[in-house]
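Below is one structure; the comments refer to it alone.
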Amino acid sequence: MENLIWIVSPEGDSITTWKTDIRSVLENEELLKKSPKWIHLRGIDEQVENFLLKNFKINELSLEDCRSEGRSKVEVFEDYVFVLMIYFDGGISRQKKLCIFWGKDFIITIGSRRLFEETRKNLSLEERPFEQGVERIFWLISSIVADKFKGVTDILEEQADEIEARVFKEQNPELLEDISDLSFEILTLRRTLKQLRDTYKSLISSVSRFINPENIHYFRDLLDEISILYDRAETLHEFTQNVLSVFSSLVSFKLNDIMKTLTILITILEPLMLISSFYGMNIEELPFAHSPYGIFVISFLMIGISFFLLYYFRRKGWI
Amino acid sequence: MENLIWIVSPEGDSITTWKTDIRSVLENEELLKKSPKWIHLRGIDEQVENFLLKNFKINELSLEDCRSEGRSKVEVFEDYVFVLMIYFDGGISRQKKLCIFWGKDFIITIGSRRLFEETRKNLSLEERPFEQGVERIFWLISSIVADKFKGVTDILEEQADEIEARVFKEQNPELLEDISDLSFEILTLRRTLKQLRDTYKSLISSVSRFINPENIHYFRDLLDEISILYDRAETLHEFTQNVLSVFSSLVSFKLNDIMKTLTILITILEPLMLISSFYGMNIEELPFAHSPYGIFVISFLMIGISFFLLYYFRRKGWI
Amino acid sequence: MENLIWIVSPEGDSITTWKTDIRSVLENEELLKKSPKWIHLRGIDEQVENFLLKNFKINELSLEDCRSEGRSKVEVFEDYVFVLMIYFDGGISRQKKLCIFWGKDFIITIGSRRLFEETRKNLSLEERPFEQGVERIFWLISSIVADKFKGVTDILEEQADEIEARVFKEQNPELLEDISDLSFEILTLRRTLKQLRDTYKSLISSVSRFINPENIHYFRDLLDEISILYDRAETLHEFTQNVLSVFSSLVSFKLNDIMKTLTILITILEPLMLISSFYGMNIEELPFAHSPYGIFVISFLMIGISFFLLYYFRRKGWI
Amino acid sequence: MENLIWIVSPEGDSITTWKTDIRSVLENEELLKKSPKWIHLRGIDEQVENFLLKNFKINELSLEDCRSEGRSKVEVFEDYVFVLMIYFDGGISRQKKLCIFWGKDFIITIGSRRLFEETRKNLSLEERPFEQGVERIFWLISSIVADKFKGVTDILEEQADEIEARVFKEQNPELLEDISDLSFEILTLRRTLKQLRDTYKSLISSVSRFINPENIHYFRDLLDEISILYDRAETLHEFTQNVLSVFSSLVSFKLNDIMKTLTILITILEPLMLISSFYGMNIEELPFAHSPYGIFVISFLMIGISFFLLYYFRRKGWI
Amino acid sequence: MENLIWIVSPEGDSITTWKTDIRSVLENEELLKKSPKWIHLRGIDEQVENFLLKNFKINELSLEDCRSEGRSKVEVFEDYVFVLMIYFDGGISRQKKLCIFWGKDFIITIGSRRLFEETRKNLSLEERPFEQGVERIFWLISSIVADKFKGVTDILEEQADEIEARVFKEQNPELLEDISDLSFEILTLRRTLKQLRDTYKSLISSVSRFINPENIHYFRDLLDEISILYDRAETLHEFTQNVLSVFSSLVSFKLNDIMKTLTILITILEPLMLISSFYGMNIEELPFAHSPYGIFVISFLMIGISFFLLYYFRRKGWI
Ligand SMILES: [Mg+2]
Ligand SMILES: [Mg+2]
Ligand SMILES: [Mg+2]
Ligand SMILES: [Mg+2]
Ligand SMILES: [Mg+2]
Ligand SMILES: [Mg+2]
Ligand SMILES: [Mg+2]
Ligand SMILES: [Mg+2]
Ligand SMILES: [Mg+2]
Ligand SMILES: [Mg+2]
Ligand SMILES: [Mg+2]
Ligand SMILES: [Mg+2]
Ligand SMILES: [Mg+2]
Ligand SMILES: [Mg+2]
Ligand SMILES: [Mg+2]
Ligand SMILES: [Mg+2]
Ligand SMILES: [Mg+2]
Ligand SMILES: [Mg+2]
Ligand SMILES: [Mg+2]
Ligand SMILES: [Mg+2]
Ligand SMILES: [Mg+2]
Ligand SMILES: [Mg+2]
Ligand SMILES: [Mg+2]
Ligand SMILES: [Mg+2]
Ligand SMILES: [Mg+2]
Ligand SMILES: [Mg+2]
Ligand SMILES: [Mg+2]
Ligand SMILES: [Mg+2]
Ligand SMILES: [Mg+2]
Ligand SMILES: [Mg+2]
Ligand SMILES: [Mg+2]
């Protein structure tokens, strides 16, 4: 695979984009002289690493983190801030990683092409896209990441509502598996949001060098958005824990129901069985046995006992 | 819908209110020259945004938060403090949002008309309503919000008491659903109170510029009120968790009860059945079978066994 | 109701107390000129409020808190410290409130007469009661409050011990209700102690103006006492949670016991029933049916099966 | 009881001990003039209090704490540090209290004689016992206390291992009671260790005046030891919580087992009973009833049904 | 056992290693004069202690900790930093201890030979191994320890996945034991990671003296790696707690299943039994008893009842 590279830079009041491969960039160094610029790459391999090491003095530690880590983090270096963001693109199962190297007059992003295109589209809608250097680009990316988290949280909330609607209607292992899966997705969402929130917190407290002080509100607002989502994830977690214990109580209920059915049935039939058995004995002098009304006496006795027991269970509140 | 606007300003020792629409205000700029003033709006749309941007230099971030966020927050800008309050008006299901832009000599509120009218009534009862600028208005609004939270907490506490009274009397899925619903409402209340408490905390530590230092007690007292309510919500949460586990133990109890009934019944009747069956065999030489006293011997044997087993269960403490 | 008022002031090396009503105090202003002095009131109404506002410049916020709040708190004002203490007088159900306005040379308490009398008695036992102004009075009151908390904690610990003794003996809804009630009382105690502990913490860190620095040990000791009680309440909470889960396991045990009884009974009797039924068939050629020894063969078969099953259950460890 | 007193002081490169009673010490003031010195007492009464108040200016608050408190604490006074240690001597049930008054050139301990003798023995093994004043004595005592905690933690860990070994073998109320008792002992150990850990933490941060700075490592090491033990106690707590829920699941399992036995038995025998009952009817024209092969047909039918049901349960995985 | 010792030192741009025993080192003091140097030992005994005390002024407290402690820790001494690391070499059951004495120009490691060889191999792959003194060696060791933790976490995650796959298929005591064991291993891993994380945190904040400031990123990165693993362990913990409660709900389900089978069977067979018994009575005038169609009437009645009950249970959703 060739290493595609996108270079976005200002062109008057608008933006212009070069799409090429790294080898071409290395041959035509003109492209890197634009300032400010936004460089996007789709992945990281040896060629990309060398390119970043040589042209932007990116520390090997950042490159290593970008290759292997799975937790949002921020690290401030002398020439740039390294930000790693973990986000979800449409569902918890589609976890994505985005590396950002944010320097004075450049921003390099390594990640999915879709996120790049969405950000570039929003950037092109700005009035003066590069007026505030690359800071605005970082904020645009972060906003899209926050929106994606919002989308995932919305989905999980809907699923939680569906599950709550089901829990009083059906109690079966399939529902249990759904609750269990949802519960794990919520734990994952909550943990990922917590890490991103901590990342933004330490970003805000450490990058005064990179952010225009009158724009700090934009980054605080971002932090607030993530905090709101974290709160929603926390609530979802407590909600599913609640659903799980309600579910478990309902299973116990159902067992009570089954056992009540069994007990009522046995309680009503056993005495009748005993009478029948009693009269089945091969013994002399069974009372009424030889009377022509015996069958009526015995039948009425049986029906009477049944009605009495039915009345008894109704009073006890079982039926 | 036209954008109604209320402008409240001092008139001697009393207050005066203009109710009109935004277009009229824009045409008659006299209205905005009053100082100090309290402006109330019922909602936010493009016209309102333009009005606020142009006349009060409200940051677009605040407007965006006012439109979409669902968590109490405070943000200090150069010219004003933006406060977003989430509260409940009569019940957890009636969640309301109130945006406040609190400047040196103006306060703008966007939210429900009812809250506005209640605050205005309290303001008109003050001796010198605008003596301390608009600070007092902010405090009056916050007090009414705190009262509304108090009302909701009272309601949930009553519901919790009712549920506790029911839990030892009935154990059924309806009660479980009520506990589950109440538990979720309490979680919502607790979270909302926590966010409001954090909002007041950071308000107190950051708005020395806006609050008269000798009035700081009023705001600390407000924080205390919310903290007390948070504590009550926390207690309610622990209370319902307790009720839930008591409920679950009671369901287990009831199952024991059912199974005891069944076991006692079977234990007493089965031996009698066996005797009956034994004498039902088509076999020679059944003892007592041909004696005329057989029926008495067998009946006494059966009654004797029954009494022995009843005695045995009573000793075991089952009946 | 007349507003009774007690005024305690030094009289040589001892103390003297005036008991009168507020109206008399207002008429005879001599009484308020004594310094230092301790004033006690039993409750708060409009007359009391006016009296405190005029003579001691007590802030209306403090009066409002004293009237309505239910959480221990401390607030430092310019001329005095306002301390609100919530305590229990003999049991969790007897919650009491005490308001203290602690100034340079006066201390005003509003609360139960019993607490006043106990403190006054202890004060009169001091060698030089007012030697250190009113600081000692505050400490004496706090010590009595701490003792009352200790008493309540002792009671709850005893109840917890009783309940633990019962839990292995009986498992019934009454015990469950007792555990549930105790658990709630412990939660209440713990919360109240936590609030009082926080109150003392912030008192110690803020009232250097009012406390003689060489007496700070006395207040730290008070804080330690409350912290110890809080720890005991926390332990009690964990203890009852433990008891609750032990209880719930024991209920499950008992069900196992019941089901074992039932299963053993049915397992032993059913085969016998089957043999009886088999020989009850109206069918030709039942083996042994017409032999005079049939009854012995069949009886021995039945007894043999019973013994075999009893042996089997004993080996399985069920009986 | 006479108040025995031990006074340990340096004697060349070794130590010397006077054992006498307080009255003698008061008469022969020579004994108290030695410096540095370590004084040990077995308990606290009025005579001891007067002795400490007069000769060492010990604050009455410290004496009161020494008499009544049950939580490790440290309090720094002008002339000495007061340290109260709660420890276990061989088992959670043998809780002991040790009070230490640690001054510039004296250390006074009030507590068990055994701890005194163990410390004195270790002190006598030192090369120059009093070279660093009394600081070393405090460290020696603390080390022995830490060892005793280690011993108790070892015992509880062994008990936890035993219980884990039992939990998969037997499930009965005795085991539950053992788990419950162990769980409570672990809670007690954890709480006591936490308090001691906090005591050492605040000791290290506050007694720079008393500790030789180059010996601070010794006290940090002590803190580490207690922290390790606290971690072990925390792990033990989580371990027993785990055992408790495993236990509870196993009880449920056993119930399943019992119910399976019952269900299998009834399922196999009931159809046979029905056939027998069917042929027991006093009715004409029962099929095969009068055939001489009837008994074989019916017996084979019964055996066939039994085998089919056994096969069915085996496929369902129940047997 | 002889005390083997390895001494690694720079040799031009590469490294050289002496493997000998301590006695030889003591005789040939030349070996210790190399600087910087890395000394490795396999264990600690009196000879090793004397060697370290005399030649490197290692504090006896460090040696004691190295011998006996079981928790990662760091302690800064005047001449060196003492770091104790607890790690797992392939599985939770293979816990290992590594002591590091890190001085200005020496690093001494006491621990497993395997870790030594792995680090030495990585060191020899460096371009200029000792360029930055011994700091790089410490970092190489720590990286290998982090990798080993990563390996163990991977294993436990795989086991958790396996167990989740099993939990919906089988519910038996063996699975419960596996969950319980895994849960305990995860608790151990989490605790050990927490201690190592805290160790690195305090190392970073305290060893500015030993670390080249421009290399601080390497150590922060190490801390991040351990933090990620801790997060994974935390997630694993929550995952197994979830699996445990799902498991417990499934056991309840299965019981419901068993009881439903039993109830259905009894409900269908008992009425048939009653009819059979009814017709087994030795009584006159049983309806249809003497009719030649009686057997058909009764059989149809029985089959009808069975079908009706089957239909009823299907509607109730039980079958
Ligand atoms: Mg977490
Ligand atoms: Mg939250
Ligand atoms: Mg929460
Ligand atoms: Mg939270
Ligand atoms: Mg939770
Ligand atoms: Mg919860
Ligand atoms: Mg609270
Ligand atoms: Mg909370
Ligand atoms: Mg709390
Ligand atoms: Mg709590
Ligand atoms: Mg909770
Ligand atoms: Mg609780
Ligand atoms: Mg505690
Ligand atoms: Mg605790
Ligand atoms: Mg606590
Ligand atoms: Mg708890
Ligand atoms: Mg607990
Ligand atoms: Mg917990
Ligand atoms: Mg721990
Ligand atoms: Mg833990
Ligand atoms: Mg812990
Ligand atoms: Mg716990
Ligand atoms: Mg746990
Ligand atoms: Mg826990
Ligand atoms: Mg827990
Ligand atoms: Mg975590
Ligand atoms: Mg944790
Ligand atoms: Mg968590
Ligand atoms: Mg846990
Ligand atoms: Mg959880
Ligand atoms: Mg929990």
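Taken over the range E:99-135, the criterion of being among the basic types (Lys, Arg) and closer than 27 Å to E:Glu60 by Cβ is satisfied by E:Lys104, E:Arg113.
All conditions in (1) modelled with pLDDT under 95; (2) within 14 Å of chain C (Cβ to nearest Cβ) hold for D:Ser124, with the sole exception of (2). Can you tell me which of (1) without any contact (Cβ under 8 Å) to a residue 24 or more places away in the chain; (2) within 16 Å of ligand 30 (Cβ to nearest atom) is the one A:Tyr230 doesn't meet? Going through the list (1) without any contact (Cβ under 8 Å) to a residue 24 or more places away in the chain; (2) within 16 Å of ligand 30 (Cβ to nearest atom), A:Tyr230 breaks only (1).
Taking the range C:1-31 as the range and being surrounded by fewer than 13 Cβ atoms within 10 Å (Cβ to Cβ) and aliphatic (A, V, I, L, M) as the test, only C:Met1 passes.
When D:Phe116 is tested against (1) within 11 Å of another protein chain (Cβ to nearest Cβ); (2) in contact with a His (Cβ under 6 Å, 6 or more places away or on another chain); (3) not polar (S, T, N, Q), exactly one condition is not met: (1). Scanning the range E:270-279 for residues that are hydrophobic (A, V, I, L, M, F, W, C) and within 13 Å of A:Glu270 (Cβ to Cβ) yields E:Met273, E:Leu274. Of all the criteria given as (1) outside any loop (DSSP other than H, G, I, E, B); (2) of a type outside the set (Gly, Ala, Ser); (3) away from chain C (no Cβ under 14 Å); (4) in contact (Cβ under 8 Å) with a residue 40 or more places away in the chain, the one not satisfied by D:Ile179 is (3).
For the condition in contact with a strand residue (DSSP E or B) (Cβ under 7 Å, 6 or more places away or on another chain) and either at pLDDT 90 or above or within 16 Å of ligand 9 (Cβ to nearest atom) (or both), what is the one hit in B:Thr199, B:Thr240? Unique residue meeting the criteria: B:Thr199.
In the range E:131-148, the condition of being part of a helix (DSSP H, G or I), closer than 30 Å to A:Asp178 by Cα and more than 16 Å from ligand 21 (Cβ to nearest atom) is met by no residue. Does any residue of the range D:215-228 turn out to be buried (at least 18 other Cβ atoms within 10 Å of the Cβ), farther than 19 Å from E:Ser72 by Cα and more than 16 Å from ligand 10 (Cβ to nearest atom)? No, the range D:215-228 contains no residue that is buried (at least 18 other Cβ atoms within 10 Å of the Cβ), farther than 19 Å from E:Ser72 by Cα and more than 16 Å from ligand 10 (Cβ to nearest atom). Of everything listed in (1) modelled with pLDDT of 85 or more; (2) within 14 Å of another protein chain (Cβ to nearest Cβ), the single unmet condition for A:Glu49 is (2). Entry remark, the range A:182-201: residues being more than 8 Å from chain E (Cβ to nearest Cβ) and not charged (D, E, K, R) number 8 in total. Across the range B:243-260, a minimum of one residue is classified as within 11 Å of another protein chain (Cβ to nearest Cβ) and within 20 Å of the chain's Cα centre (by Cα). Taken over the range C:32-58, the criterion of being farther than 12 Å from C:Leu4 by Cβ, of a type in the set (Lys, Arg) and surrounded by 16 or more Cβ atoms within 10 Å (Cβ to Cβ) is satisfied by C:Lys34, C:Lys37.
Let's see how each residue does on (1) outside the structural domain of A:Glu118 (by TED's automatic domain parsing); (2) of a type in the set (S, T, N, Q); (3) touching a residue at least 40 places away in the same chain (Cβ under 8 Å); (4) outside any helix (DSSP H, G or I):
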site	(1), (2), (3), (4)
A:Gly151	no, no, yes, no
A:Ala160	no, no, yes, no
A:Arg166	no, no, no, no
A:Leu175	no, no, yes, no
A:Glu185	no, no, yes, no
A:Thr188	no, yes, yes, no
A:Lys194	no, no, no, no
A:Asp198	no, no, yes, no
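The set of residues from the range D:90-105 being within 27 Å of D:Ile155 (Cβ to Cβ) and surrounded by 15 or more Cβ atoms within 10 Å (Cβ to Cβ) comprises D:Ile92, D:Lys96, D:Lys97, D:Leu98, D:Cys99, D:Ile100.
Elements of the type strands (runs of 3 or more DSSP E) sitting completely within the range E:1-116 and holding at least 1 residues that are in the same structural domain as E:Leu187 (by TED's automatic domain parsing) and under 30 Å from D:Tyr230 (Cα atoms): these cover E:73-76, E:80-88, E:95-103, E:106-110. One residue stands out among those in the range D:167-209 that are over 18 Å from D:Val145 (Cβ atoms) and of a type in the set (S, T, N, Q): the one that is nearest to ligand 23 (Cβ to nearest atom), which is D:Ser183. Out of C:Glu284, C:Glu225, one residue alone is part of a loop (DSSP other than H, G, I, E, B) and either more than 16 Å from ligand 3 (Cβ to nearest atom) or more than 26 Å from the chain's Cα centre (by Cα) (or both). It is C:Glu284. Looking across the range E:299-319, the residues that are more than 12 Å from chain A (Cβ to nearest Cβ) and either at positive phi or small (Gly, Ala, Ser) (or both) come down to E:Ser299, E:Gly304, E:Ser306.
Of the residues making up the range E:9-49, those that are under 19 Å from E:Arg120 (Cβ atoms) and within 33 Å of the chain's Cα centre (by Cα) are E:Trp38, E:Ile39, E:His40, E:Leu41, E:Arg42, E:Gly43.
The values are calculated or read from the model by the stated rules, or taken from the named source; none is laboratory data. Nothing here was measured: the structure is a model prediction, and the numbers come from that model. Positions of Cβ are backbone-derived with ideal geometry, glycine not excepted, and every protein chain shown enters the neighbour counts.
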